[in-house]
Amino acid sequence: MKIKEIKVTVCSPGRNFVTVKVITDEGTYGIGDATLNGREMAVVTYLEEHVVPCLIGRDPSEIEDIWQYLYKGVYWRKGPITMASIAAIDMALWDIKGKIAGLPVYQLLGGKSRRGVTLYAHANGESINDTLDKVQEHVDQGFKAVRLQSAIPGLKVTYGVLGDKKDYFELQGNRPLPPEDEWSTQKYFNSIVDLMRQARARFGNEVEFLHDVHSRLTPIESARLGKLMEEFSLLFLEDASIAENQDSYKVIRQHTTTPLAIGETYNTIWDCKDLIQNQLIDYIRVAATHAGGITALRRIADFASIYNVKIAPHGAPDLSPVCFAAHMHLNIWAPNFGIQEFVGFGNDKSKEIFKHNFTVENGMAYMSEAPGLGIEFDEEAALKYPYKRSYLPVSRLEDGTLWNW
Ligand code: KDG
Ligand code: MG
(Lines give C-alpha, C1' and ligand atoms only; values in the text may rest on other atoms or scores of the structure.)
(Ligands and ions follow the chains in the order given, each with its own letter.)
Protein backbone atom coordinates (compact mmCIF):
# COMPACT_ATOMS: atom_id res chain seq x y z
CA MET A 1 0.00 0.00 0.00
CA LYS A 2 1.23 3.51 -0.82
CA ILE A 3 0.27 7.06 0.05
CA LYS A 4 -1.34 8.43 -3.10
CA GLU A 5 -2.53 11.87 -2.09
CA ILE A 6 -2.53 14.23 0.91
CA LYS A 7 -5.04 17.07 1.11
CA VAL A 8 -4.81 20.01 3.50
CA THR A 9 -8.04 21.91 4.19
CA VAL A 10 -8.52 25.02 6.31
CA CYS A 11 -12.03 25.81 7.45
CA SER A 12 -13.49 28.27 9.92
CA PRO A 13 -16.78 27.16 11.46
CA GLY A 14 -16.16 29.80 14.18
CA ARG A 15 -12.54 28.84 14.82
CA ASN A 16 -9.94 28.00 12.19
CA PHE A 17 -9.13 24.32 11.80
CA VAL A 18 -6.42 22.79 9.58
CA THR A 19 -7.32 19.23 8.62
CA VAL A 20 -5.09 16.78 6.78
CA LYS A 21 -6.42 13.83 4.82
CA VAL A 22 -3.97 11.09 3.79
CA ILE A 23 -5.35 8.87 1.02
CA THR A 24 -3.84 5.52 0.00
CA ASP A 25 -3.73 3.92 -3.43
CA GLU A 26 -6.18 1.32 -2.08
CA GLY A 27 -8.73 3.99 -1.20
CA THR A 28 -8.37 3.93 2.61
CA TYR A 29 -7.86 7.36 4.14
CA GLY A 30 -7.04 8.85 7.52
CA ILE A 31 -7.44 12.34 8.98
CA GLY A 32 -5.34 14.47 11.31
CA ASP A 33 -5.45 17.91 12.97
CA ALA A 34 -2.71 20.48 12.22
CA THR A 35 -4.38 23.56 13.74
CA LEU A 36 -1.97 26.14 15.17
CA ASN A 37 -4.08 28.99 16.47
CA GLY A 38 -3.08 32.30 14.83
CA ARG A 39 -0.39 30.67 12.64
CA GLU A 40 -2.60 28.29 10.67
CA MET A 41 -1.37 29.20 7.18
CA ALA A 42 2.29 28.70 8.14
CA VAL A 43 1.48 25.05 8.89
CA VAL A 44 -0.46 24.71 5.63
CA THR A 45 2.55 25.94 3.66
CA TYR A 46 4.96 23.72 5.61
CA LEU A 47 2.77 20.71 4.87
CA GLU A 48 2.05 21.47 1.23
CA GLU A 49 5.55 22.59 0.26
CA HIS A 50 7.79 20.46 2.45
CA VAL A 51 5.95 17.41 3.78
CA VAL A 52 3.40 16.22 1.23
CA PRO A 53 5.87 15.86 -1.69
CA CYS A 54 8.20 13.72 0.48
CA LEU A 55 5.46 11.31 1.51
CA ILE A 56 3.77 10.48 -1.78
CA GLY A 57 4.56 6.85 -2.64
CA ARG A 58 5.57 5.86 0.91
CA ASP A 59 4.09 2.97 2.85
CA PRO A 60 1.49 4.46 5.28
CA SER A 61 1.89 1.52 7.67
CA GLU A 62 5.39 2.72 8.65
CA ILE A 63 4.16 5.27 11.17
CA GLU A 64 7.30 5.30 13.30
CA ASP A 65 9.68 5.61 10.36
CA ILE A 66 7.63 8.43 8.83
CA TRP A 67 7.59 10.22 12.21
CA GLN A 68 11.39 9.90 12.51
CA TYR A 69 11.85 10.93 8.88
CA LEU A 70 9.87 14.14 9.42
CA TYR A 71 11.57 14.87 12.77
CA LYS A 72 15.17 13.63 12.64
CA GLY A 73 15.43 13.67 8.89
CA VAL A 74 14.99 17.43 8.83
CA TYR A 75 17.91 19.64 9.82
CA TRP A 76 15.44 22.00 11.62
CA ARG A 77 13.93 19.89 14.36
CA LYS A 78 11.08 20.84 16.70
CA GLY A 79 9.03 24.05 16.80
CA PRO A 80 5.26 24.38 16.66
CA ILE A 81 4.94 24.53 12.89
CA THR A 82 7.05 21.43 12.25
CA MET A 83 5.44 19.49 15.10
CA ALA A 84 1.84 20.38 14.18
CA SER A 85 2.59 19.17 10.65
CA ILE A 86 4.10 15.90 11.91
CA ALA A 87 1.17 15.52 14.32
CA ALA A 88 -1.47 15.71 11.61
CA ILE A 89 0.28 13.18 9.39
CA ASP A 90 0.83 10.89 12.38
CA MET A 91 -2.84 10.98 13.45
CA ALA A 92 -3.93 10.25 9.89
CA LEU A 93 -1.58 7.26 9.67
CA TRP A 94 -2.90 5.85 12.98
CA ASP A 95 -6.41 6.36 11.63
CA ILE A 96 -5.49 4.38 8.50
CA LYS A 97 -3.81 1.61 10.51
CA GLY A 98 -6.88 1.24 12.70
CA LYS A 99 -9.25 1.18 9.74
CA ILE A 100 -7.19 -1.51 8.03
CA ALA A 101 -6.98 -3.59 11.22
CA GLY A 102 -10.69 -3.02 11.90
CA LEU A 103 -9.77 -1.78 15.39
CA PRO A 104 -10.05 1.51 17.27
CA VAL A 105 -6.64 3.17 17.76
CA TYR A 106 -6.70 2.57 21.53
CA GLN A 107 -6.61 -1.19 20.84
CA LEU A 108 -3.41 -0.68 18.85
CA LEU A 109 -1.92 1.24 21.79
CA GLY A 110 -2.57 -1.60 24.23
CA GLY A 111 -6.29 -1.49 24.97
CA LYS A 112 -8.46 0.25 27.55
CA SER A 113 -7.25 1.05 31.05
CA ARG A 114 -10.62 2.46 32.13
CA ARG A 115 -14.29 2.56 31.19
CA GLY A 116 -14.44 6.21 30.18
CA VAL A 117 -12.51 9.48 30.19
CA THR A 118 -13.08 11.92 33.06
CA LEU A 119 -13.58 15.48 31.85
CA TYR A 120 -13.40 18.91 33.39
CA ALA A 121 -15.72 21.64 32.21
CA HIS A 122 -15.14 25.42 32.13
CA ALA A 123 -17.03 27.93 34.27
CA ASN A 124 -16.17 31.48 33.18
CA GLY A 125 -18.11 34.44 34.52
CA GLU A 126 -18.25 38.22 34.63
CA SER A 127 -18.52 38.08 38.42
CA ILE A 128 -17.92 35.48 41.12
CA ASN A 129 -21.66 34.76 41.34
CA ASP A 130 -21.91 34.43 37.61
CA THR A 131 -18.97 31.98 37.60
CA LEU A 132 -20.48 29.96 40.44
CA ASP A 133 -23.83 29.77 38.65
CA LYS A 134 -21.96 28.28 35.70
CA VAL A 135 -20.27 25.76 38.00
CA GLN A 136 -23.77 24.82 39.16
CA GLU A 137 -24.89 24.21 35.56
CA HIS A 138 -21.97 21.83 35.02
CA VAL A 139 -22.56 20.08 38.33
CA ASP A 140 -26.23 19.66 37.38
CA GLN A 141 -25.07 18.01 34.15
CA GLY A 142 -22.99 15.56 36.18
CA PHE A 143 -19.49 17.05 35.88
CA LYS A 144 -17.28 16.26 38.88
CA ALA A 145 -14.48 18.67 37.96
CA VAL A 146 -14.76 22.30 36.83
CA ARG A 147 -12.21 24.96 35.90
CA LEU A 148 -13.05 28.35 37.40
CA GLN A 149 -12.09 31.66 35.75
CA SER A 150 -13.70 34.94 36.68
CA ALA A 151 -13.40 38.49 35.33
CA ILE A 152 -10.90 40.48 37.41
CA PRO A 153 -12.52 43.59 38.91
CA GLY A 154 -10.76 46.73 37.65
CA LEU A 155 -9.60 45.22 34.33
CA LYS A 156 -11.57 45.92 31.15
CA VAL A 157 -11.27 42.36 29.84
CA THR A 158 -10.02 39.16 31.39
CA TYR A 159 -8.69 36.55 29.01
CA GLY A 160 -10.77 33.39 29.02
CA VAL A 161 -13.94 35.13 30.19
CA LEU A 162 -16.56 35.23 27.47
CA GLY A 163 -17.97 38.74 27.86
CA ASP A 164 -20.71 39.28 25.33
CA LYS A 165 -19.63 36.30 23.23
CA LYS A 166 -22.17 33.49 23.19
CA ASP A 167 -19.80 30.54 23.19
CA TYR A 168 -16.17 29.56 23.07
CA PHE A 169 -16.41 28.47 19.50
CA GLU A 170 -17.04 32.00 18.23
CA LEU A 171 -14.63 33.72 20.62
CA GLN A 172 -12.07 34.56 18.00
CA GLY A 173 -14.36 34.93 15.00
CA ASN A 174 -13.40 38.48 14.08
CA ARG A 175 -9.92 39.40 15.16
CA PRO A 176 -7.96 40.17 11.98
CA LEU A 177 -5.32 41.82 14.20
CA PRO A 178 -4.43 40.79 17.76
CA PRO A 179 -6.52 42.67 20.35
CA GLU A 180 -4.76 43.88 23.50
CA ASP A 181 -5.76 42.76 26.98
CA GLU A 182 -4.67 44.27 30.29
CA TRP A 183 -3.08 42.46 33.18
CA SER A 184 -2.56 43.43 36.82
CA THR A 185 -1.08 40.85 39.18
CA GLN A 186 -2.24 42.88 42.17
CA LYS A 187 -5.87 43.01 40.95
CA TYR A 188 -5.74 39.30 40.21
CA PHE A 189 -4.56 38.46 43.73
CA ASN A 190 -7.32 40.71 45.09
CA SER A 191 -10.01 38.52 43.51
CA ILE A 192 -8.77 34.94 43.05
CA VAL A 193 -8.92 33.93 46.73
CA ASP A 194 -12.51 35.19 47.04
CA LEU A 195 -13.50 33.21 43.98
CA MET A 196 -12.19 29.95 45.40
CA ARG A 197 -13.42 30.64 48.94
CA GLN A 198 -16.97 31.30 47.74
CA ALA A 199 -16.80 28.28 45.43
CA ARG A 200 -15.86 25.94 48.29
CA ALA A 201 -18.50 27.53 50.52
CA ARG A 202 -21.18 26.88 47.90
CA PHE A 203 -20.12 23.46 46.57
CA GLY A 204 -18.33 21.89 49.51
CA ASN A 205 -15.66 19.33 48.70
CA GLU A 206 -17.70 17.21 46.30
CA VAL A 207 -16.50 19.01 43.15
CA GLU A 208 -12.89 19.17 41.96
CA PHE A 209 -11.79 22.72 41.13
CA LEU A 210 -9.09 23.75 38.66
CA HIS A 211 -7.74 27.14 37.64
CA ASP A 212 -5.64 28.42 34.72
CA VAL A 213 -3.24 31.33 35.38
CA HIS A 214 -2.29 31.60 31.69
CA SER A 215 1.35 32.12 32.71
CA ARG A 216 0.76 35.64 33.99
CA LEU A 217 2.78 35.25 37.22
CA THR A 218 6.48 35.09 37.98
CA PRO A 219 7.69 31.92 39.76
CA ILE A 220 7.69 33.52 43.21
CA GLU A 221 4.21 34.96 42.64
CA SER A 222 3.07 31.51 41.53
CA ALA A 223 4.54 30.06 44.71
CA ARG A 224 2.48 32.57 46.71
CA LEU A 225 -0.67 31.71 44.76
CA GLY A 226 -0.03 27.99 45.23
CA LYS A 227 0.19 28.50 48.99
CA LEU A 228 -3.01 30.57 49.03
CA MET A 229 -4.79 27.87 47.03
CA GLU A 230 -3.81 25.03 49.35
CA GLU A 231 -6.86 25.45 51.58
CA PHE A 232 -9.13 25.04 48.52
CA SER A 233 -7.55 21.72 47.39
CA LEU A 234 -7.37 22.34 43.65
CA LEU A 235 -7.06 19.35 41.36
CA PHE A 236 -4.40 21.46 39.67
CA LEU A 237 -3.17 24.99 39.10
CA GLU A 238 -2.41 25.39 35.41
CA ASP A 239 0.30 27.44 33.69
CA ALA A 240 1.23 29.28 36.86
CA SER A 241 4.39 30.65 35.21
CA ILE A 242 6.25 30.34 31.93
CA ALA A 243 8.75 27.48 32.23
CA GLU A 244 11.13 28.14 29.35
CA ASN A 245 13.65 27.80 32.13
CA GLN A 246 12.31 24.52 33.48
CA ASP A 247 14.35 24.94 36.68
CA SER A 248 12.20 27.94 37.60
CA TYR A 249 9.46 25.55 38.72
CA LYS A 250 11.69 24.53 41.62
CA VAL A 251 10.87 27.90 43.18
CA ILE A 252 7.14 27.17 43.00
CA ARG A 253 7.45 23.55 44.02
CA GLN A 254 9.47 24.16 47.14
CA HIS A 255 6.80 26.49 48.52
CA THR A 256 3.53 24.73 47.82
CA THR A 257 1.73 21.39 47.70
CA THR A 258 -0.88 22.66 45.22
CA PRO A 259 -0.61 20.29 42.23
CA LEU A 260 0.84 21.95 39.12
CA ALA A 261 0.02 21.45 35.44
CA ILE A 262 1.68 22.81 32.32
CA GLY A 263 2.37 21.94 28.70
CA GLU A 264 -0.31 23.10 26.27
CA THR A 265 2.21 25.10 24.21
CA TYR A 266 4.94 22.44 24.30
CA ASN A 267 6.03 20.78 21.11
CA THR A 268 8.34 17.99 22.23
CA ILE A 269 9.34 15.94 25.22
CA TRP A 270 12.41 18.17 25.51
CA ASP A 271 10.20 21.10 26.56
CA CYS A 272 9.01 19.21 29.64
CA LYS A 273 11.71 16.60 30.30
CA ASP A 274 13.20 18.37 33.33
CA LEU A 275 9.81 19.34 34.73
CA ILE A 276 8.75 15.69 34.61
CA GLN A 277 12.03 14.08 35.61
CA ASN A 278 12.49 16.36 38.62
CA GLN A 279 8.84 15.89 39.61
CA LEU A 280 8.24 19.64 39.45
CA ILE A 281 4.77 19.14 37.97
CA ASP A 282 1.90 16.72 38.50
CA TYR A 283 0.09 16.90 35.15
CA ILE A 284 1.54 17.29 31.67
CA ARG A 285 -0.91 19.00 29.31
CA VAL A 286 0.69 18.49 25.89
CA ALA A 287 -1.77 18.22 23.00
CA ALA A 288 -1.48 15.60 20.27
CA THR A 289 -1.77 18.35 17.64
CA HIS A 290 1.03 20.51 19.03
CA ALA A 291 3.49 17.93 20.28
CA GLY A 292 3.86 15.54 17.36
CA GLY A 293 0.75 13.38 17.34
CA ILE A 294 -0.15 10.07 18.90
CA THR A 295 3.34 8.60 18.47
CA ALA A 296 4.91 11.46 20.43
CA LEU A 297 2.23 11.70 23.12
CA ARG A 298 2.43 7.98 23.78
CA ARG A 299 6.16 8.41 24.39
CA ILE A 300 5.66 11.45 26.67
CA ALA A 301 2.93 9.60 28.62
CA ASP A 302 5.19 6.60 29.17
CA PHE A 303 8.09 8.81 30.27
CA ALA A 304 5.81 10.77 32.62
CA SER A 305 4.41 7.58 34.16
CA ILE A 306 7.82 6.72 35.62
CA TYR A 307 7.71 9.97 37.63
CA ASN A 308 4.07 9.82 38.75
CA VAL A 309 3.12 12.61 36.37
CA LYS A 310 -0.31 12.19 34.76
CA ILE A 311 -1.43 13.32 31.34
CA ALA A 312 -4.18 15.96 31.10
CA PRO A 313 -4.31 16.86 27.40
CA HIS A 314 -5.20 20.38 26.32
CA GLY A 315 -8.79 20.60 25.14
CA ALA A 316 -9.45 24.20 24.14
CA PRO A 317 -11.87 25.09 21.32
CA ASP A 318 -8.95 25.90 19.00
CA LEU A 319 -8.03 22.22 18.80
CA SER A 320 -10.22 20.50 16.26
CA PRO A 321 -12.50 17.56 17.11
CA VAL A 322 -9.90 15.38 15.35
CA CYS A 323 -7.43 16.24 18.11
CA PHE A 324 -10.09 15.45 20.70
CA ALA A 325 -10.53 12.04 19.06
CA ALA A 326 -6.77 11.38 19.21
CA HIS A 327 -6.82 12.35 22.90
CA MET A 328 -9.73 10.00 23.60
CA HIS A 329 -7.69 7.03 22.39
CA LEU A 330 -4.61 8.08 24.34
CA ASN A 331 -6.63 8.82 27.48
CA ILE A 332 -8.54 5.56 27.52
CA TRP A 333 -5.26 3.66 27.13
CA ALA A 334 -2.70 5.60 29.24
CA PRO A 335 -2.20 4.01 32.66
CA ASN A 336 -1.27 7.49 33.92
CA PHE A 337 -4.26 9.38 32.52
CA GLY A 338 -5.39 12.24 34.79
CA ILE A 339 -8.21 14.27 33.30
CA GLN A 340 -9.28 15.73 29.93
CA GLU A 341 -10.22 19.39 29.41
CA PHE A 342 -13.59 19.61 27.68
CA VAL A 343 -15.49 22.59 26.27
CA GLY A 344 -18.12 20.69 24.29
CA PHE A 345 -18.13 19.21 20.81
CA GLY A 346 -18.22 22.53 18.94
CA ASN A 347 -21.01 24.60 17.44
CA ASP A 348 -23.53 23.43 14.80
CA LYS A 349 -21.25 24.42 11.90
CA SER A 350 -18.39 22.43 13.35
CA LYS A 351 -20.67 19.42 13.97
CA GLU A 352 -21.69 19.55 10.31
CA ILE A 353 -18.01 19.14 9.34
CA PHE A 354 -16.69 16.71 11.97
CA LYS A 355 -18.86 13.64 12.66
CA HIS A 356 -18.18 11.18 15.46
CA ASN A 357 -20.05 9.16 18.01
CA PHE A 358 -18.25 10.08 21.21
CA THR A 359 -20.76 10.61 24.01
CA VAL A 360 -20.65 12.48 27.31
CA GLU A 361 -22.55 11.36 30.35
CA ASN A 362 -22.10 12.51 33.95
CA GLY A 363 -18.83 14.27 33.20
CA MET A 364 -17.27 11.27 31.43
CA ALA A 365 -16.63 10.79 27.71
CA TYR A 366 -17.16 7.41 26.08
CA MET A 367 -16.20 6.00 22.73
CA SER A 368 -17.43 3.33 20.37
CA GLU A 369 -15.58 0.44 18.77
CA ALA A 370 -15.36 2.37 15.45
CA PRO A 371 -12.08 1.50 13.71
CA GLY A 372 -9.32 4.10 13.48
CA LEU A 373 -9.84 7.43 15.23
CA GLY A 374 -13.62 7.16 14.92
CA ILE A 375 -14.11 10.62 13.42
CA GLU A 376 -15.09 11.72 9.90
CA PHE A 377 -14.35 14.96 8.08
CA ASP A 378 -16.88 16.31 5.55
CA GLU A 379 -14.81 18.25 3.03
CA GLU A 380 -17.84 19.66 1.20
CA ALA A 381 -19.24 21.07 4.44
CA ALA A 382 -15.82 22.47 5.36
CA LEU A 383 -15.64 24.45 2.10
CA LYS A 384 -18.72 26.44 3.17
CA TYR A 385 -16.69 28.06 5.99
CA PRO A 386 -13.43 29.44 4.59
CA TYR A 387 -10.40 30.50 6.62
CA LYS A 388 -10.58 33.84 8.46
CA ARG A 389 -7.43 35.46 9.81
CA SER A 390 -7.83 35.62 13.56
CA TYR A 391 -5.55 36.10 16.55
CA LEU A 392 -5.36 35.60 20.26
CA PRO A 393 -5.01 38.81 22.23
CA VAL A 394 -1.65 40.04 23.49
CA SER A 395 -1.32 40.86 27.15
CA ARG A 396 0.05 44.16 28.52
CA LEU A 397 0.52 45.49 32.02
CA GLU A 398 -1.46 48.61 32.85
CA ASP A 399 1.59 50.78 32.04
CA GLY A 400 1.79 49.26 28.56
CA THR A 401 4.59 46.73 29.12
CA LEU A 402 4.10 43.63 27.00
CA TRP A 403 3.45 40.75 29.35
CA ASN A 404 3.54 36.97 29.33
CA TRP A 405 0.81 34.94 27.80
O1 KDG B 1 -4.72 29.00 21.74
C2 KDG B 1 -4.78 29.33 23.09
C3 KDG B 1 -5.88 28.59 23.81
O4 KDG B 1 -5.90 27.25 23.44
C5 KDG B 1 -5.68 28.70 25.29
O6 KDG B 1 -5.78 30.01 25.67
C7 KDG B 1 -6.67 27.88 26.04
O8 KDG B 1 -5.32 28.03 28.02
C9 KDG B 1 -6.18 27.46 27.38
C10 KDG B 1 -6.78 26.24 27.93
O11 KDG B 1 -6.30 25.82 28.98
O12 KDG B 1 -7.68 25.71 27.32
MG1 MG C 1 -4.49 26.75 29.52
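Out of Pro60, Pro104, Pro386, any idea which swings most in a Gaussian network model of the chain, alpha carbons joined below 10 Å?
Ranking Pro60, Pro104, Pro386 by mean-square fluctuation puts Pro386 first.
Show me the helices of the chain, taken as full DSSP H stretches, that run 30 Å or more along their long axis by Cα and average -0.5 or above in Kyte-Doolittle hydropathy. List each step's numbers first, then the result.
On the way: long enough: 80-101 (31 Å, 0.90).
Helices meeting the span and hydropathy rule in the chain are 80-101.
Let a ≥ b ≥ c be the square roots of the eigenvalues of the Cα gyration tensor of segment 86-134; is it rounded (a/c under 1.5), or, if not, prolate (a/b larger than b/c) or oblate? Numbers along the way, then the final one.
Numbers: a/c = 5.27, a/b = 2.45, b/c = 2.15.
It is prolate, given that a/c is not under 1.5 and a/b is the larger ratio.
Given H placed on each backbone N at 1.01 Å, which residues far from Phe236 in sequence or on other chains put an amide H within less than 5 Å of it?
Counting only residues 5 or more places away or on other chains, the set is His211.
Post the alpha-carbon centroid distance, segment 184-204 to segment 333-405, in whole angstrom.
One Cα centre to the other: 28 Å.
Rank-order 320-332, 194-206, 337-349 by packing density, defined as the average count of other C-beta atoms within 10 Å over each peptide's residues, highest first. Let's see the in-between values first.
Numbers: 320-332: 27.0, 194-206: 14.2, 337-349: 19.7.
In descending order of packing, they fall as 320-332, 337-349, 194-206.
Pulled fully out, how much extra length does the chain show between Asn245 and Lys112, if you take 0.36 nm times their separation in residues and subtract their Cα-Cα distance?
Numbers: separation 133, 0.36 × 133 = 47.88 nm, distance 3.56 nm.
Extra length from Asn245 to Lys112 when fully extended: 44.3 nm.
Under 19 Å Cα-Cα from Lys384, which lysines qualify once same-chain neighbours fewer than 8 residues away are excluded?
Reachable lysines: Lys7, Lys21, Lys349, Lys351, Lys355.
Calculate, in nm to one decimal, what Leu177 and Asp399 gain on full extension: separation in residues at 0.36 nm each, minus their alpha carbon distance. Mind showing how you got there, number by number?
On the way: separation 222, 0.36 × 222 = 79.92 nm, distance 2.11 nm.
Stretched fully, the Leu177-Asp399 segment lengthens by 77.8 nm.
Hey, which aspartates and glutamates would be in cross-link range of Lys134, C-alpha to C-alpha under 17 Å, not counting anything within fewer than 8 residues on its own chain?
Glu126, Asp164, Asp167, Asp194, Glu206, Glu208, Asp212, Glu341
Quickly estimate the mean residue ellipticity at 222 nm for the chain, helices only: each DSSP H run with n ≥ 4 gives -39500 (n - 2.57), and the total goes over all residues, rounded to 500.
Value at 222 nm, helices only, nearest 500: -10000 deg cm²/dmol.
Spin-label point model (7 Å from Cα, Cβ direction): what's the Tyr69 to Ala101 distance in nm?
That separation, rounded to one decimal, is 2.0 nm.
Quick one: work out the % antiparallel among DSSP beta bridges in segment 305-405, nearest 5.
On the way: 7 of 8 bridges.
Just about 90 percent of them are antiparallel.
Label the chain by shape, choosing from rounded, prolate and oblate, from the square roots a ≥ b ≥ c of the eigenvalues of the Cα gyration tensor; if a/c is under 1.5 it is rounded, and otherwise prolate applies when a/b is larger than b/c, oblate when it is not.
Prolate, because a/c is 1.5 or more and a/b exceeds b/c.
Give me the distance between the Cα centres of segment 217-238 and segment 38-85, rounded to whole Å.
Each part's Cα centre sits 38 Å from the other's.
Tell me, what is the per residue accessible area of segment 3-103 in Å², probe radius 1.4 Å? Don't jump to the answer; show the numbers that get you there.
Numbers: 3930 Å² over 101 residues.
For segment 3-103, the solvent-accessible area averages 39 Å² per residue.
Just read off the accessible area of Leu177 with the full protein assembly in place, 1.4 Å probe, to the nearest 10 Å².
120 Å²
Could you list the residues of segment 7-48 with an amide nitrogen less than 15 Å from a label point located 7 Å from the Cα of Tyr391 in the Cα-to-C-beta direction?
The answer is 37-42.
Roughly what % of DSSP beta bridges within the chain run antiparallel, to the nearest 5?
Around 50 percent of the beta bridges assigned by DSSP in the chain are antiparallel ones.
Quote the relative contact order of the chain in percent (integer), defining contacts as alpha-carbon pairs under 8 Å separated by 6+ residues.
On the way: 876 pairs, mean separation 94.2, N = 405.
Normalised by residue count, the contact order of the chain is 23 percent.
Considering Cα pairs under 8 angstrom that are at least six residues apart, work out the relative contact order of segment 221-314 and quote it in whole percent.
25 percent
Order Val146, Val139 by their accessible area, 1.4 angstrom probe, all chains in place, largest first. Display every interim value, and only then the final one.
Values: Val146 0, Val139 45 Å².
Largest accessible area first, the residues go Val139, Val146.
How large is the accessible surface per residue of segment 108-372, computed with a 1.4 Å probe and reported in Å² as a whole number?
Here the residues of segment 108-372 average 39 Å² of exposed surface.
Over segment 3-103, what is the relative contact order in whole percent, taking alpha-carbon pairs under 8 Å and six or more residues apart? Mind showing how you got there, number by number?
Numbers: 152 pairs, mean separation 33.6, N = 101.
Computed over segment 3-103, the figure is 33 percent.
Please give the solvent-accessible surface of Val8 in Å², to the nearest 10, using a probe radius of 1.4 Å with every protein chain present.
For Val8, the solvent-accessible surface is approximately 30 Å².
As an exercise, use a Förster radius of 30 Å and the Cβ-Cβ distance of Val193 and Asp140 to find the FRET efficiency, rounded to the nearest 0.05. List each step's numbers first, then the result.
Values: r = 26 Å, r/R0 = 0.86.
Using R0 = 30 Å, I get an efficiency of 0.70.
State whether segment 201-241 is rounded, prolate or oblate according to the following rule on the C-alpha gyration tensor (a ≥ b ≥ c being the square roots of its eigenvalues): a/c under 1.5 gives rounded; otherwise a/b larger than b/c gives prolate, and the remaining case gives oblate.
On the way: a/c = 3.23, a/b = 1.97, b/c = 1.64.
It is prolate, given that a/c is not under 1.5 and a/b is the larger ratio.
So which residue, out of Val52, Val135, Val105, gets the largest mean-square fluctuation from a GNM of the chain using Cα contacts under 10 Å as springs?
Most flexible of the set in this elastic network: Val52.
Could you sort 242-249, 17-24 so that the peptide with the highest average Cβ count within 10 Å comes first and the rest follow in order?
On the way: 242-249: 16.5, 17-24: 23.9.
Averaged packing, sorted descending, gives the order 17-24, 242-249.
What is the percent carbon and sulfur in the accessible area of the chain, measuring with a 1.4 Å probe over the protein chains and ignoring ligands?
Working: 8350 of 16560 Å².
Whole-percent figure for carbon plus sulfur exposure: 50.
The values are calculated or read from the model by the stated rules, or taken from the named source; none is laboratory data. Note that this is a predicted model, so its numbers are computed, not measured. Backbone-built Cβ (ideal geometry, glycine too); neighbour counts: all protein chains shown. The protein model used for the area step is the full one, side chains on, heavy atoms only, and it has no ligands, DNA or RNA in it. Shrake-Rupley method; radii C 1.70, N 1.55, O 1.52, S 1.80 Å.
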